[in-house]
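The values are calculated or read from the model by the stated rules, or taken from the named source; none is laboratory data. Small disclaimer: the values here were computed from a predicted structure and weren't measured. Every residue, glycine among them, receives a Cβ derived from its backbone with ideal geometry; neighbour counts consider all protein chains shown. Accessible surface areas use protein heavy atoms only, side chains included; no ligands, DNA or RNA. Shrake-Rupley method; radii C 1.70, N 1.55, O 1.52, S 1.80 Å.
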Amino acid sequence: MEQGVEFRVGTAQMAVPLVLGMALATGLLFLGLRWTADPMTAAELRDCAYAAGAGVLGALVLARPTGVRLTPGHLVTFAPFGRQERRISWADVSGIDVRRTFGVTSVHISLVTGERLTLPAPMSFLDRRFVGRVGELTRWWETHRP
C-alpha cells in the first residue's frame, strides 16, 4: 500500500443518522398503527425498538470503513458497500469544491471527464477538524498533480 493520509467517516458520523432514522421510522410506525383497528402495544413497540437498535448495531459492525486515502499518485475512495475502492489519479482531478447540503458541508471533486464526485470524507457533520482536512486534501492535490 502506498503511504499517505487517510480520512474516514467516524462512528458517530455513521451512528447518529442511523439512530435518528430508525427512531423516526419506529415512531411513525407506532403513530400509524395507533389510529388503526390494531394499535401497537407497549411490548410490541419495545420489540420494534429493540429490532431497530439491532439493525443499527449490525450496520455499524458489518460496515467497512468509509472515506478517502491520499497517496502521492492517487486519491482513493472506499465505501462500505458496492465497489471496494476507486483510485483516481491526481492528474484526472480538475477541481475541488466544498458545498453545503442540508446543513452538512462536504467535498466535491471534478474530474477531467466532466464527472463530479462527492467524497465520503471529510464531511463537516460531527467533525471539528473538517476545515483542516479540506486544506490538507487541497494541498495534496496541488502538490501531486502534474
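The lone criterion from (1) modelled with pLDDT under 75; (2) closer than 25 Å to Val131 by Cβ; (3) open to solvent by less than 60 Å² (accessible area, probe 1.4 Å) left unmet by Pro39 is number (2). Please go through the stretch 82-125 and give me each residue that is open to solvent by less than 60 Å² (accessible area, probe 1.4 Å), more than 21 Å from Arg145 (Cα to Cα), out of contact with any Lys or Arg (no Cβ under 9 Å at 6 or more places or on another chain) and in a strand (DSSP E or B), ordered by number. If the condition is that a residue be open to solvent by less than 60 Å² (accessible area, probe 1.4 Å), more than 21 Å from Arg145 (Cα to Cα), out of contact with any Lys or Arg (no Cβ under 9 Å at 6 or more places or on another chain) and in a strand (DSSP E or B), then Val104, Met123 are the ones that fit. Considering only residues that are of a type in the set (Phe, Trp, Tyr) and either closer than 30 Å to Val131 by Cα or in contact (Cβ under 8 Å) with a residue 40 or more places away in the chain (or both), which ones fall in the stretch 1-36? Residue satisfying the conditions is Phe7 alone.
Can you say whether Pro65 is modelled with pLDDT of 75 or more, in a loop (DSSP other than H, G, I, E, B), within 26 Å of Val134 (Cβ to Cβ) and not β-branched (Val, Ile, Thr), as far as the supplied structure shows? When the stated conditions are applied, Pro65 does not pass them. Taken over the stretch 1-18, the residue count meeting the criterion of being part of a helix (DSSP H, G or I) and either surrounded by 15 or more Cβ atoms within 10 Å (Cβ to Cβ) or among the small types (Gly, Ala, Ser) (or both) is 5. Taking the stretch 114-140 as the range and being among the hydrophobic types (A, V, I, L, M, F, W, C) and in contact with a helix residue (DSSP H, G or I) (Cβ under 6 Å, 6 or more places away or on another chain) as the test, the residues that pass are Phe125, Leu126.
Of all the residues in the stretch 129-141, those that are open to solvent by 100 Å² or more (accessible area, probe 1.4 Å) and farther than 13 Å from Val98 by Cα number 2. Within the stretch 96-131, if we keep just the residues that are at pLDDT 90 or above and of a type outside the set (A, V, I, L, M), the residue that is nearest to the chain's Cα centre (by Cα) turns out to be His108. Suppose the filter is closer than 15 Å to Phe7 by Cα and surrounded by 12 or more Cβ atoms within 10 Å (Cβ to Cβ); does Ala79 pass it? So Ala79 passes the test.
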